1. How far is it, in nm, from the label point at GLU378 to the one at ASP157 when both lie 7 Å from their Cα along the line to the Cβ?
2. Ranked by Cβ crowding within 10 angstrom, fewest neighbours first, how are GLU326, GLU26, GLU7 ordered?
3. Among HIS133, HIS273, HIS35, whose mean-square fluctuation peaks in a Gaussian network model of the chain (Cα, cutoff 10 Å)?
4. If each DSSP helix of 4+ residues adds -39,500 (n - 2.57) and the sum is divided by the residues in the chain, what number results at 222 nm, nearest 500 deg cm²/dmol?
5. At 15 Å minimum axial length over the Cα atoms and a Kyte-Doolittle cut of 0.5, report the qualifying DSSP H helices in the chain, or say none.
6. Can you give me the Cα centroid spacing of segment 92-129 and segment 376-435 in angstrom?
7. Using a cut-off of 10 Å between beta-carbons, work out the net charge of the residues near GLY102 (Lys and Arg +1, Asp and Glu -1, GLY102 not included).
8. Between ALA342 and ARG400, what is the label-point separation in nm under the 7 Å Cα-to-beta-carbon projection?
Amino acid sequence: MAVAQAEGRAPSVVAAVARDGEIVWEGSATSVDGHGPDGDVQYRIGSITKTFTAVLVLRLRDEGLLDLGDPIGKHLPDTGVDEVTVGQLLAHTAGLAAETPGGWWERTPASERPELADVLGEDPYRHPVGRRHHYSNPGYTLLGSLVAKLRGAPWEDVLRREILEPLGLTRTSPQPEAPYAGGWAVHPWADALLPEQVEDLGLMAPAGQLWSTTRDLARFALFLAQGDERVLSAETVQEMRTPAAPLEEGDWDASYGLGVQVFRREGGSLAGHGGSLPGYLACLLFSADDGLAAVALTNCTSGPLMGALAGELLHLVAEAEPRFPEPWRPLPEVDPRVLELAGPWYWGTHAFGLRVLADGIELGPLEGRGRSARFRAEEDGTWTGLNGYYAGESLRPVRRADGALSHLDLGSFVFTREPYEAGAPVPGGVDPEGWRGLKPQGE
């Protein structure tokens, strides 16, 4: 962090690392002797605001008030982009322009954009709808207006009621609340400063308005990793950090989910979001697998690479203090009909193994890489795939008339206890003469 502040020529840098929901380290580096911001000092977080807006939209979806496949015109008619879907707006695949018409919206008064038509302009598209990832700030303005329309209240009020208060984010707000850091521009060729102006973003607020602290954002990162039933379920926050946008050529290690940036790394992935507004840079990153989160904030327009700093903080902890695995524990009780599923199965000649776990079952190839997935139990005795090729697919144990287990039906694939087992309903049938050798020629 000290290197980031010194080499980035930043008035101040503040950062924090959280592990399993607790802040385990925080610190700051500053240009003012005797004054170091702590985890309670607000900085503007820019586009990290988009992740908060995405949470509000997904709450509407989970309540059944909209579908991600809904065209935005179904809920916000006559915007000029009625055909784009809610899901495309969340993933920045709607083809909309990156910025608004007119002056740079981050440094001009909101009064210049009083209506959605002023945000979108007469030519809102830059790409065919749904074909590529193209980051769009106006797209998130539409989503904020969608939230306000369906909730019947301003975006800021819905945000406070549905996210900030339930999660205890008392130092996150649309307007700065003391103590907060003032924003600066640092001269590129001289060690001199210029104060940056602060604009209220108006309709653009859902794309970048918020102020927050490292402590609040670390708490928010825990929510994004684990979910909180008061806000969104664990299943929905996992959906948020699942890539939903096409990869850009040459950028195979980064993608975008639903309001969350996703980064591949060796052995896993990171998720989070960066942010910038004149006078401020911010980044929040977390690893759900490692239970780690890092937040880095600074009060200058350009300088330290906040994403690199947050990523390095995570890397240092993960490498130097790897997470202890949870102790293995046997199941408290075993259902005999589930235990009967365990063991080897064959899809054609491909050998698979099925394991019974505390939270479901896992089916995967016995050798090499292949179609592996976990499944959760359903009340009707079937199992639903949770990941990989079989995500959302149904696995059905099929029994004979006498109740004995016959085979597994997984999305029309038949898994048998023996390869091409005689008498099993293998599609296409099994040769009645069974397995045989290959006779030498002439015999």
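1. Going from the GLU378 label point to the ASP157 one covers 4.1 nm.
2. Taking fewest neighbouring Cβ atoms as first place, the list is GLU326, GLU7, GLU26.
3. HIS35
4. Theoretical 222 nm ellipticity from helices: -6000 deg cm²/dmol.
5. The answer, listed by residue number, is 48-62, 306-320.
6. What the calculation gives is 53 Å, centre to centre.
7. -2
8. 2.3
Every number here is computed from the coordinates shown, using simple stated rules; none is lab data. Not measured: the values here are computed from a predicted model. All Cβ positions, even for glycine, are placed from backbone atoms using ideal geometry, and neighbour counts span all protein chains on display.
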